[in-house]
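Structure record follows, encoded as structure tokens.
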Amino acid sequence: MAEQPKSESFMSLVKKGNTSSAVAMAGNAVLAVCKGGAFLFSGSGAMFASAMHSLADAINQGFVFVGSVLSEKKPTRRFPTGFGRVINIFCMIAVIVVTIMAYETIHEGIHLLQHPVGHTGGLWINIGVLVLNILIDGAILIKAMKEILKEARAPKAAGFALVPAAIKNVGRAAPPTRLVFYEDVVAVLGALLALISVVVIALTNFALLDGIVTTIIGCLMIAVAFRVGYDNMIGLIGVAAPQDIEDKVSQTILADTHVADIQLMRIIQEGRYYHVEGLIELTKGLSLADADDIKFRIQEKLMTDPDIADAAISIIEDDGVNSWGKKHSDVVK
């Protein structure tokens, strides 16, 4: 009988939680308080929208961090494939929060379009808070982009090269990191728009700009909710691993000199981990004991990859048909 996993302490799980979401939660909580105070003092609609976005981000990242901690729990007898999809559930809760906040923001924007307020004072307070917003959310965004490259096992990038590298690999990052990335892209853009709105209104008294910017920020939040909701919906259903992960696993298997072919293989992504199931063909003439040794050797080699949670390999004798090669040649065609 397989040895049961030892119980995990709460602190050991917390240490495995997603650091990007924890940092984002703290940063956005500070920003929400600062922006809320600035809004009460100045009455700026753009500042209200930005405050709502920071509050939504802080609540979301709190949910997401808790989910990332729970998703790190080891498999149990009752849940043999682990808890990887728990993070998708918590991210869906975050989507609901973003959607509610986006509705409130758009509602406020429409109200400001119908009843423009104009410049009401507190210019330098608004500017100071928004500059602080850009600095904090910008730092969180940079950290999230670095985490994306780390989780995707992609080459490191620095400077402006970090942005395209993160965009290219964001689909392979953990759900919490993707959420932080999308939300902070909107947060930085929203803060820039709000800053432009505050300055322009103070200089020209073009009051309608406040409502326009507020509505745009709300629409950007809706876009984030849709994107994150879609990603986590397919994660809950069970999505196949990216092609490069499948290629890496197949190369690891076929690198064994006794493996003739891969007849079937399925790799399911749960959270940031992968579950591998495969039926491989071994060269003819092997004894049952040798075949078992080869199977276990391949499984152990696959499990050395930190992103693979488990690998279940079955074996049969080579049937003389190149199934894996044919499959990939058909895909290319």
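Where a number appears in this text, it was derived from the coordinates with a stated rule and is not lab data. Bear in mind that the values here come from a model prediction, so they are computed numbers and not experimental data. In this analysis, Cβ positions are derived from the backbone assuming ideal geometry, glycine residues included, and neighbour counts consider all displayed protein chains.
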| request: Report, by chain and number, residues whose modeled amide H sits under 5 Å from the one on Q263, excluding near sequence neighbours (fewer than 5 apart, same chain). | output: L279, I280, E281
| task | Work out the charge dipole of the range 243-332 with +1 on the Cβ of Lys and Arg and -1 on the Cβ of Asp and Glu about the Cα centre, then indicate which of Y274, Q299, A312 is farthest towards its positive end. | result | Y274
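Based solely on its DSSP helices, what 222 nm [θ] is calculated for the chain when runs of n ≥ 4 H residues each add -39,500 (n - 2.57) and the sum is averaged over all residues, nearest 500 deg cm²/dmol?
That comes out to -23000 deg cm²/dmol.
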| field | Cα→Cβ-extended label distance, 7 Å offset, between L70 and D292, nm | value | 4.0
| Potential extension, M303-N322 segment - 0.36 nm per residue separation minus Cα distance | 4.3 nm
| task | Can you grab the distance from the C-alpha centre of the range 19-98 to the C-alpha centre of the range 123-149, Å, no decimals? | result | 16
| Cα gyration tensor shape of the range 140-235, rounded if a/c is under 1.5, else prolate or oblate by comparing a/b with b/c | oblate
| note | Computed for the chain: size of charge dipole around the Cα centre, +1 on C-beta of each Lys and Arg, -1 on C-beta of each Asp and Glu, debye to nearest 20, value 600
| field | Label-point gap, in nm, between T283 and A161 - each point 7 angstrom along Cα→Cβ | value | 4.2
| Given 16 as the ceiling on other Cβ atoms within 10 Å, longest exposed-site-free region of the chain for GluC sites (Glu not before Pro) in DSSP loops | 9-333
| note | Quick note, the range 243-332: a/c under 1.5 would make it rounded; otherwise a/b > b/c is prolate and the rest oblate (a ≥ b ≥ c, C-alpha gyration tensor); here it is oblate
| said: Check which residues have an amide H placed less than 5 Å from A312's amide H, if you skip close sequence neighbours. | reply: V276, E277, G278
| How many angstrom lie between the C-alpha centres of the range 257-276 and the range 155-200? | 32
| said: Given a 10 angstrom Cα cut-off, can you work out which residue in K35, K295, K15 is the most mobile in a GNM of the chain? | reply: K15
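Out of all DSSP beta bridges with both ends in the chain, state the antiparallel percent to the nearest 5.
The answer is about 55 percent antiparallel.
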| How do H115, H107 rank when sorted from fewest to most other Cβ atoms within 10 Å of their own Cβ? | H115, H107
| note | Gyration tensor on Cα atoms of the range 136-175, a ≥ b ≥ c root eigenvalues, a/c under 1.5 rounded, else prolate if a/b beats b/c, else oblate, says oblate
| remark: Among trypsin sites (Lys or Arg not before Pro) in the range 70-132, those in a DSSP loop whose Cβ has at most 13 other Cβ atoms within 10 Å are R77, R78
| query | Which length gain, in nm to one decimal place, applies between V14 and F79 when the Cα-Cα distance is subtracted from 0.36 nm times their residue separation? | reply | 21.4 nm
| Suppose R0 equals 41 Å; then what is the FRET efficiency for I96 and L203 from their Cβ-Cβ distance, rounded to the nearest 0.05? | 0.60
| Given R₀ = 51 Å, FRET efficiency for W124-M233 by Cβ-Cβ distance, to 0.05? | 0.70
| task | Find how much the distance from Y103 to L264 grows on full extension, using 0.36 nm per residue of separation minus their present alpha carbon separation; answer in nm with one decimal. | result | 53.3 nm
| said: Explain nothing, just the number: relative contact order of the chain, from Cα pairs under 8 Å at least 6 residues apart, as a whole percent. | reply: 18
| Which whole-number percent gives the relative contact order of the range 125-283, counting Cα pairs below 8 Å spaced six or more residues apart? | 19
| task | May I have the extent of the alpha carbons of the range 10-237 along their three principal axes, as whole Å values ordered from largest to smallest? | result | 64, 36, 29
